[in-house]
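Data block below; observations after.
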Amino acid sequence: MDIPEEFRRRDYQMFRGIPLASLFVENWKRVEQFQVRPDDLLIASFPKSGTTWMCEIMDLILNNGDVKKCQRDAVYNRVVMLEFAGVTTIQPGTEVLSRMPSPRLLRTHLPISLLPKSFWENSCKVIYVARNAKDVAVSSYHFAGANILHPHPGTWEHYLEKFMAGKVMFGSWHEHVTSWWEKRNDLRLLYLFYEDMKEDLEREIRKLLAFLEKDMEEEVLKIIVQRASFQVMKENPMTNYETIPTHLLDKRVSPFMRKGICGDWKNHFTVHQNEKFDEDYEKKMSGTTLSFRTEI
Ligand code: A3P
């Protein structure tokens, strides 16, 4: 598993107004031509919002809580990322997915404007996971420090400015969460929040089951809640990204399963940064009914 030297720590490439890893941009034709199937299940999110958590939960649900089955591979192989490309020994997400039998479970961080055309024709079910901007900024700062697909994040102060300006991978958090939110009634879409999952995971899994029109025995539901807990996922090599080599994702800089809490932003934001962030946030989010909790 490797990434060519020239693509490591490289600046994002602007693609239709969105900063992306240049390896993803090079693969774009395949993404554009990708055939979504009506029975696909798509997990969508802005990065660091609890995507992996949702992937594990959905795989457990679809396999009826069969723990052994859900240990068959690392979570990023069980739920393939549509736009992923670049590791030389791994095929692009589009290629892996096109060979996969239905019903497929896939994930994306793409803003809604960049989805392939076939998504609008075949409109599969979508589960969108959103997390409050402050915790996402903190989590993505640590992740960018560890992951060589990102340019070096620099200082926290510098990174936070970039985050606010939407100059991070996949662009503006504000635009991402609101544009998916605005479409929630036009699509078969369930919009869930990381903070709600932290507060009561069983309740949120019940929402997923209703959305999927799936019955589940109470005992199985309990197993899923337990397997999807932060501690179990942190210790599980199939969910904690331990299987990604250190030269690609340096877990000494930051483990993938880092803290898994709501409100870690308070350990990072200065009073001044918080005020500035809030002011900018109010402006960008003023036109939406979407609201977030930054503590629970
Ligand atoms: P932190 O860096 O704040 O700890 P993504 O999968 O979208 O990249 O999101 C990663 C974030 O989700 C990380 O946040 C990670 O710790 C958190 N996460 C993953 N699994 C979780 C779980 N079971 N419970 C709570 N948070 C979880």
On each of the three principal axes of the Cα atoms of the range 17-96, give max minus min coordinate, whole Å, ordered largest first.
39, 26, 26
Selection from Ser229, Met285, Gln91 lying farthest towards where the dipole of the chain points positive, charges on Cβ
Gln91
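How big is the charge dipole of the range 5-284 about its Cα centre, in debye rounded to the nearest 20, if each Lys and Arg gets +1 on its Cβ and each Asp and Glu gets -1 on its Cβ? Could you put the intermediate results ahead of the total?
On the way: 40 positive and 40 negative charges, 98 e Å.
Around 460 debye, computed over the range 5-284.
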Between Asn132, Asn274, Asn240, which gets the highest mean-square fluctuation from a Gaussian network model of the chain, Cα cutoff 10 Å?
Asn274
Around Tyr241: net Lys/Arg minus Asp/Glu count, Cβ-Cβ under 14 Å
+1
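For the range 49-112, what is the convex hull volume of its Cα atoms per residue in Å³?
Details: hull volume 6.6 nm³, N = 64.
In the range 49-112, the Cα hull volume divided by residue count equals 104 Å³.
Between Gln71 and Asp278, take the C-beta separation as r, use R0 = 51 Å, and let me know the FRET efficiency to the nearest 0.05. Intermediate values should be presented prior to the final figure.
On the way: r = 43 Å, r/R0 = 0.84.
For R0 = 51 Å, the calculated efficiency reads 0.75.
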In debye, nearest 20: dipole of the range 1-124 around its Cα centre with unit charges on the Cβ of K, R (+) and D, E (-)?
100 debye
Counting Lys and Arg as +1 and Asp and Glu as -1 over every other residue whose Cβ sits under 13 Å from the Cβ of Cys70, the net charge comes to +1
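For the range 111-256, report the convex hull volume of the alpha-carbon atoms normalised per residue, in Å³, without decimals.
Numbers: hull volume 20.8 nm³, N = 146.
Cα-based convex hull of the range 111-256, divided per residue, equals 143 Å³.
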Ellipsoid semi-axes in whole angstrom, largest first, where each is sqrt(5λ) of the Cα gyration tensor of the range 5-284:
27, 22, 20
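Going through the range 194-296, which trypsin sites (Lys or Arg not before Pro) have at most 16 other Cβ atoms within 10 Å and a DSSP loop state? Write out the running numbers ahead of the final one.
Values: sites: Lys198, Arg203, Arg206, Lys207, Lys214, Lys222, Arg227, Lys234, Lys251, Arg252, Arg258, Lys259, Lys266, Lys276, Lys283, Lys284, Arg293; in loops: Lys214, Lys251, Arg252, Arg258, Lys259, Arg293.
Answer by residue number: Lys214, Lys251, Arg252, Lys259, Arg293.
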Have a look at Gly166, Gly86, Gly17 and tell me which one the Gaussian network model of the chain (Cα, springs below 10 Å) gives the largest fluctuation.
Gly17
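How many times 2.2 N^0.38 Å is the alpha carbon radius of gyration of the range 198-262?
On the way: Rg = 14.9 Å, N = 65, 2.2 N^0.38 = 10.7 Å.
Expressed relative to 2.2 N^0.38 Å, the Cα Rg reads 1.38.
For the range 5-284, give the share of DSSP beta bridges that are antiparallel, in percent and rounded to the nearest 5; count only bridges with both residues there.
Details: 4 of 20 bridges.
If we restrict to bridges inside the range 5-284, about 20 percent are antiparallel.
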Alpha-carbon Rg with Dmax, taken over the range 222-296, Å
17.1, 44
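Kindly provide the GluC sites (Glu not before Pro) of the range 202-279 that DSSP labels as loop, not H, G, I, E or B, and whose Cβ sees at most 14 other Cβ atoms within 10 Å.
Numbers: sites: Glu202, Glu204, Glu213, Glu217, Glu218, Glu219, Glu235, Glu242, Glu275, Glu279; in loops: Glu213, Glu217, Glu242.
Listed in order of number, the matching sites are Glu213, Glu217.
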Which of the lysines could be linked to Lys167 by a straight reach, that is with a Cα gap under 20 Å, when you skip same-chain ones fewer than 8 residues away?
Lys48, Lys134, Lys276, Lys283, Lys284
Quote the FRET efficiency, to the nearest 0.05, computed for Arg203 versus Glu5 with a Förster distance R0 of 51 Å and r equal to the Cβ-Cβ distance.
0.60
Percent antiparallel among DSSP beta bridges confined to the range 1-135, nearest 5, equals 20 percent
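Computed from the coordinates by the stated procedures, all read-outs in this text should not be read as laboratory data. Remember, it's a predicted structure, so these values are computed and weren't measured experimentally. Virtual Cβ from ideal backbone geometry, glycine too; neighbours counted across all protein chains shown.
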